[in-house]
Structure formats: C-alpha cells, structure tokens
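Note sheet for the following structure.
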C-alpha cells in the first residue's frame, strides 16, 4: 500500500533496552495485524440462553459462569497480544509458556517478575502498547507535526 506515493510499512518493531547490572536486555515488539490465530484458539465465550414461557429466548449476560469465562478469555487475549508482539525479540524464550496452550500464556508475567522490577515490566508492556498504536501521546505528536506542516504549506 502507498499513501502519497510513499510505501507504507506497517509492522516496524519498537525497541526498549532494560539495563540490569552489567547487561542490557533488548526487547522488541511489533503490531499485531490480525487476531485470527487467537480467535481460532480461543473463541469468545457465548452466554447461556434463558427461555421464557412462550418460547422467547435471550442471552443471560449475568450468568456467573459466563462472566468468569469472559474474564479468562480477556486475560488470555491480553497475554497472547503480549507474547505475539514480543516474538520479534531476539533470543526470547519462555520457560512456562507453551504457544498452543492458552492456559499457559499468562505465565509470561510470572517469568518477567522473576527478573525485572515492576517499573521495568511496565516499560516492556508500554513498548507493546506503542507497537500496537495504543500510545495517545505519540498519535497527538504526529498529528501536531502534520497540522503544522499543513499550515506552513498554506503560508507558502
């Protein structure tokens, strides 16, 4: 795809370096362009149906089992996003996370906590949000630069 004749490269990695002692740990993250793989492994839970006398049916979104299933699904989706984004990090291997086993995906946080402080983990998670275009500050700055260029172009 091109915009104004310029090729759009949609998946450039973002990078953060975490210094620890005499070492530096480089984390890279890229945007997730499709959630199809996640959706195949973890379909969205469906609420149970309540049927009223007369045959009228509707979903029961207040069902406790359904609410728990949605919470688990959301936790797994968030973990999958983190793991998928960080796949481009050179040499990153998880000890307790298994790619095809959704129940293990949230283990990434326990592994990070064994090595990194809460602030360092926040830097890694922020990197993932930035890579996935979820950084409002970055969007606002780009918008200001664009608008400044528009005004400058009109002046000329």
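Any read-out appearing in this document is the output of simple, stated calculations on the displayed coordinates, not a laboratory observation. Since we're looking at a predicted model, the values are computed, not measured. Heads up, the Cβs are rebuilt from the backbone with ideal geometry, glycines too, and the neighbour counts pull from every protein chain shown.
In table form, for the structure just shown:
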item: Which of 127, 41 has the fewest Cβ neighbours within 10 Å, and the rest in rising order; result: 41, 127
item: Taking region 5-54 and dividing mean pair separation by its residue count, relative contact order in percent (alpha carbons under 8 Å, at least six apart); result: 26
item: Three principal axis lengths of the chain [C-alpha, angstrom, descending]; result: 72, 51, 27
item: Distance between modelled label sites at residue 34 and residue 3, nm, 7 Å Cα→Cβ extension; result: 2.2
item: Estimated [θ] at 222 nm from DSSP helical runs (n ≥ 4, -39500 (n - 2.57)) normalised by residues in the chain, nearest 500; result: -14500 deg cm²/dmol
item: Residues 114, 86, 147, 92, sorted so that the one with the fewest Cβ neighbours within 10 Å comes first; result: 114, 147, 92, 86
item: Burial ordering of 101, 126, fewest other beta-carbon atoms within 10 Å first; result: 101, 126
